[in-house]
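Asks: The structure follows.
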Amino acid sequence: MKTAIYPGSFDPITLGHINIIKRAAQAFDKVIVCVMVNSKKNGGLFTPEERIALMRKSMNVENVEFDVSYDLVAEYAKAKGSRVLVKGLRVVSDFEQEVQMAMINSKVNPELDTVFFPSDEKYTYLSSTVVKELARYHANLDEFLPREIIEDVKNKLELRSDDCDGSRQH
Ligand code: ADP
């Protein structure tokens, strides 16, 4: 059975991620979408568990699982018996960083390879960061986020801005 790992922050999952997951699920027997916690992006809007809950709410594909890992992705893949990482490639700037990561990962785990899926043209400029920025300005998110989680993202950002206001008063 060919299992692929799709690692990322997914803070939150976007329609761009879902597009990659569905395509990977057609190419592999099983896809594990894994929230990697020890990445450069610390903190984040949602906790890893909340991110998984949003993913579950957004999609239900038989051969797709969701998980969280605090390990190096290369070690995580080994533990799951997977030899393939899936990555989405948006603009050219993704390419340089992703190829570098692919080389590092295969140094850590020589059995591991990385497969790139080009972004659907609708989502080439879409990232979780862009979505959060748009949500802060109350922009329409229908084209970027799965319908099921739009309110969750808006509510979370409102809670966050309340927190900030509160801390300013002390
Ligand atoms: P971001 O915070 O930039 O959305 P993530 O770390 O959550 O990024 O992304 C995980 C993986 O998904 C990466 O391989 C990234 O290149 C890919 N990805 C993110 N957004 C898109 C998109 N709109 N189209 C294709 N791939 C994407």
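Each value in this text was obtained by applying a stated rule to the coordinates, not by laboratory testing. Everything numeric here is computed off the predicted structure, so don't read it as measured data. Here Cβ is always computed from backbone atoms with ideal geometry, including for glycine, and neighbour counts include all displayed protein chains.
Asks: Tally Lys/Arg at +1 and Asp/Glu at -1 over every other residue whose Cβ is under 9 Å from the Cβ of Lys57; what's the total?
Replies: Here the count lands on -1.
Asks: For segment 1-103, state which chymotrypsin sites (Phe, Trp or Tyr not before Pro) are in a DSSP loop and have at most 12 other beta carbons lying within 10 Å of their beta carbon.
Replies: Details: sites: Phe10, Phe28, Phe46, Phe66, Tyr70, Tyr76, Phe95; in loops: Phe10, Phe28, Phe46, Tyr70.
Within segment 1-103, the qualifying chymotrypsin sites (Phe, Trp or Tyr not before Pro) (loop, at most 12 other Cβ atoms within 10 Å) are Tyr70.
Asks: Let me ask you something else. With contacts defined as alpha carbon pairs under 8 Å and 6 or more residues apart, what's the relative contact order of segment 1-93 in percent? Don't skip to the end; give the middle numbers.
Replies: Numbers: 136 pairs, mean separation 36.9, N = 93.
About 40 percent, as a whole number.
Asks: What nm value, rounded to one decimal, do you get for the distance between Lys2 and Met101 when each label is placed 7 Å out toward the C-beta?
Replies: For the pair Lys2/Met101, the computed spacing is 2.1 nm.
Asks: Turning to a different aspect of this structure: Just the number: Rg to Rh for the chain, Cα atoms, Kirkwood Rh, two decimals.
Replies: Working: Rg = 16.5 Å, Rh = 16.8 Å.
Taking Rh as the inverse mean 1/r over Cα pairs, Rg/Rh reads 0.98.
Asks: Can you give the relative contact order of segment 62-115 as a percent, counting alpha carbon pairs under 8 Å and 6+ residues apart? Let's see the in-between values first.
Replies: On the way: 37 pairs, mean separation 23.9, N = 54.
After rounding, I find 44 percent.
Asks: Relative contact order of the chain, please, whole-number percent, based on alpha carbon pairs below 8 angstrom and at least 6 residues apart. List each step's numbers first, then the result.
Replies: Details: 243 pairs, mean separation 45.0, N = 170.
Once divided by the residue count of the chain, the mean separation gives 26 percent.
Asks: Under a Cβ-only charge scheme (Lys and Arg +1, Asp and Glu -1), can you give me the dipole magnitude of the chain about the Cα centre, in debye to the nearest 20?
Replies: Details: 23 positive and 26 negative charges, 53 e Å.
That gives a dipole near 260 debye.
Asks: Taking the simple approach of a point 7 Å from Cα along Cα-to-Cβ for both Gln26 and Thr124, what is their distance in nm?
Replies: 2.0
Asks: Kirkwood Rh over alpha-carbon pairs of segment 22-113, then Stokes-Einstein at 10 °C and 1.306 mPa s: what D in µm² s⁻¹, rounded to an integer? List each step's numbers first, then the result.
Replies: On the way: Rh = 14.4 Å.
For these conditions, the coefficient is 110 µm²/s.
Asks: Can you pull out the trypsin sites (Lys or Arg not before Pro) in segment 45-82 whose DSSP state is coil and whose Cβ has at most 11 other Cβ atoms within 10 Å? Don't skip to the answer; put the middle values down first.
Replies: Values: sites: Arg51, Arg56, Lys57, Lys78, Lys80; in loops: Lys80.
Taking segment 45-82 and a limit of 11 other Cβ atoms within 10 Å, no loop trypsin sites (Lys or Arg not before Pro) are found.
Asks: Count neighbours as other Cβ atoms within 10 Å of each site's Cβ, and list the GluC sites (Glu not before Pro) in segment 55-117 that are DSSP loop with at most 10 such neighbours. Walk me through the intermediate numbers first.
Replies: Numbers: sites: Glu62, Glu65, Glu75, Glu96, Glu98, Glu111; in loops: Glu62, Glu111.
Those that pass, being in a loop and sparsely packed, are Glu62.
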